[in-house]
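Working notes, beginning with the structure itself.
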């Protein structure tokens, strides 16, 4: 089975994660363009060269996973920065129609984000003016949306008036014009589903909130989907960088005409009701959407499930991973983590596959969970594990890994996948990253977003500390394996890293 894959951008989560999941199946080949065709951060991909590559490769593929952000704008960040005309954007999108006309039997799954609206000042991933006016642009959209939907208070009316005075009109006009164009592309993508060009469309929402620009656009998109009665072929839910993994699992299930049955195990009786950081709805509702998008279905008993999805959540209040080990009291009073891990260990002893979505914290994993799983000697038997960025990023990735890995016979590939996510999502994101930011980077005249030419030195320090964290924590797990890593920083910042990971049998000295 060959699947052509056009990622959202060139970062490891979009470029490497789906390829690592594909390696869990010997009969699955993911055909991926070289990174050099995908642009770099704010620099868009060369669309014509990418389409030339697609036209060469597509004839040997049974399906295609296409990022509309990549094909229409040149990538995720360019979708927030472009100055392209509506006519040009529509023409780029219409190339998908011409592809389907040439290959009518090709199964096409696509993704198209609703443009996000961050609530903070930073031009790292936004237009330059967002560095000074980002928070006010967000609040302007929030207050305008709330005012139209349910009204605002006198204090909020005064705040809106103040922002109107302070926010340069040309910046707001630029921002709103781009959102308008991107919303048109959202609707045109929906039209491609209606015409049968796209067989399934995921519309993830990156950093969504209850009110604001993104919520307003979402209302229009939902109306469009509902009016055209396309709810079965289009799913809209919180997420973004996991979507390549999600669609990979779905297309594999569709081509095999099967569904995977999933039983949910939560770490708290409150898990379903928690609204995760950076999302706009209860976690239980997001989980339903991700399971539907990936092509799975929920079952009410573990005996009838293909695998258990164990979801580790807060007790009530979600914090950032770098707050470990200082936790809100409800992580203990409203959750029993030892009981949760004992249930996991029991399922494993009974021969039930278990995958863990560790979403107790945002932007990393929970050290106490990692330790407990090591104490129970459960890591080697787990099917999958993830703990990175937002809860939806983690859930989508773990679901896809479990669905494709459930009948994999290669334990090496499964082990490599787990070790990767432990090293990057837990050891780096939770422990190493912020310690470096606070105590190491200032000493070498570098910062979170500016390595100041010290990449080699910083990567060496990252590597040393990741090894140390692993040695301090893992006493009973992966004892038959040894691993080596080389680190790279795709966008030259501390937010994420890429790992070139090699895992092999441990050689006893």
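The values are calculated or read from the model by the stated rules, or taken from the named source; none is laboratory data. Bear in mind that the values here come from a model prediction, so they are computed numbers and not experimental data. Reconstructed Cβ throughout: ideal geometry from the backbone, glycine too, with neighbour counts over all protein chains shown.
Tell me, yes or no, whether the stretch 103-113 has at least one residue that is free of Cβ contacts under 8 Å to residues at least 60 places away in the same chain, in contact with a helix residue (DSSP H, G or I) (Cβ under 7 Å, 6 or more places away or on another chain) and in the same structural domain as residue 176 (by TED's automatic domain parsing). Even if it seems obvious, please write down each step before you answer.
Narrowing the stretch 103-113 to residues free of Cβ contacts under 8 Å to residues at least 60 places away in the same chain: 103-106.
Narrowing further to those that are in contact with a helix residue (DSSP H, G or I) (Cβ under 7 Å, 6 or more places away or on another chain): 103, 106.
With the extra rule that they be in the same structural domain as residue 176 (by TED's automatic domain parsing), the set shrinks to 103, 106.
Looking through the stretch 103-113, at least one residue is free of Cβ contacts under 8 Å to residues at least 60 places away in the same chain, in contact with a helix residue (DSSP H, G or I) (Cβ under 7 Å, 6 or more places away or on another chain) and in the same structural domain as residue 176 (by TED's automatic domain parsing).
Just one of the numbered conditions (1) over 24 Å from the mean Cα position of the chain (by Cα); (2) touching a residue at least 40 places away in the same chain (Cβ under 8 Å); (3) surrounded by fewer than 17 Cβ atoms within 10 Å (Cβ to Cβ) is not true of residue 292; which one?
Unmet condition: (1).
Only one residue in 12, 7, 18 is within 25 Å of residue 395 (Cβ to Cβ), touching a strand residue (DSSP E or B) at 6+ places or on another chain (Cβ under 7 Å) and surrounded by fewer than 23 Cβ atoms within 10 Å (Cβ to Cβ), so which one is that? Please lay out each step first, then the result.
Details: 7 fails: surrounded by fewer than 23 Cβ atoms within 10 Å (Cβ to Cβ); 18 fails: surrounded by fewer than 23 Cβ atoms within 10 Å (Cβ to Cβ).
None of the other options fit; the residue is 12.
Test residue 121 against the stated conditions and say whether it is surrounded by 14 or more Cβ atoms within 10 Å (Cβ to Cβ), within 24 Å of the chain's Cα centre (by Cα) and not in a loop (DSSP other than H, G, I, E, B).
On the way: surrounded by 14 or more Cβ atoms within 10 Å (Cβ to Cβ): yes; within 24 Å of the chain's Cα centre (by Cα): yes; not in a loop (DSSP other than H, G, I, E, B): no.
Answer is no for this residue.
Anything in the stretch 444-467 that is buried (at least 17 other Cβ atoms within 10 Å of the Cβ) and within 17 Å of residue 124 (Cβ to Cβ)? List them, or say none.
The answer is 446, 451.
Answer yes if at least one residue in the stretch 431-445 is assigned by TED's automatic domain parsing to the domain that holds residue 488, at positive phi and not in a strand (DSSP E or B), and no otherwise.
Yes; the residues of the stretch 431-445 include at least one that is assigned by TED's automatic domain parsing to the domain that holds residue 488, at positive phi and not in a strand (DSSP E or B).
Kindly check whether there is at least one residue in the stretch 59-72 that is within 19 Å of residue 499 (Cα to Cα) and assigned to a loop (DSSP other than H, G, I, E, B).
As a first pass, look at the stretch 59-72 and keep what is within 19 Å of residue 499 (Cα to Cα): none.
No, because not a single residue in the stretch 59-72 is within 19 Å of residue 499 (Cα to Cα) and assigned to a loop (DSSP other than H, G, I, E, B).
Residue 78 versus (1) out of contact with any helix residue (DSSP H, G or I) (no Cβ under 6 Å at 6 or more places or on another chain); (2) within 18 Å of residue 44 (Cα to Cα); (3) not in a helix (DSSP H, G or I): which is the lone unmet condition?
(3)
Touching a helix residue (DSSP H, G or I) at 6+ places or on another chain (Cβ under 6 Å), within 20 Å of residue 403 (Cβ to Cβ) and in the same structural domain as residue 177 (by TED's automatic domain parsing): does that describe residue 68? Even if it seems obvious, please write down each step before you answer.
Numbers: touching a helix residue (DSSP H, G or I) at 6+ places or on another chain (Cβ under 6 Å): yes; within 20 Å of residue 403 (Cβ to Cβ): no; in the same structural domain as residue 177 (by TED's automatic domain parsing): yes.
Against the criterion (touching a helix residue (DSSP H, G or I) at 6+ places or on another chain (Cβ under 6 Å), within 20 Å of residue 403 (Cβ to Cβ) and in the same structural domain as residue 177 (by TED's automatic domain parsing)), residue 68 does not qualify.
Filter the stretch 469-483 for residues that are outside any loop (DSSP other than H, G, I, E, B) and either exposed (fewer than 12 other Cβ atoms within 10 Å of the Cβ) or touching a helix residue (DSSP H, G or I) at 6+ places or on another chain (Cβ under 9 Å) (or both) and give the result. Lay out the reasoning, then the answer.
Kept after step one, since they are outside any loop (DSSP other than H, G, I, E, B), are these residues of the stretch 469-483: 469-473, 481-483.
The answer is 469, 470, 471, 472, 473, 481, 483.
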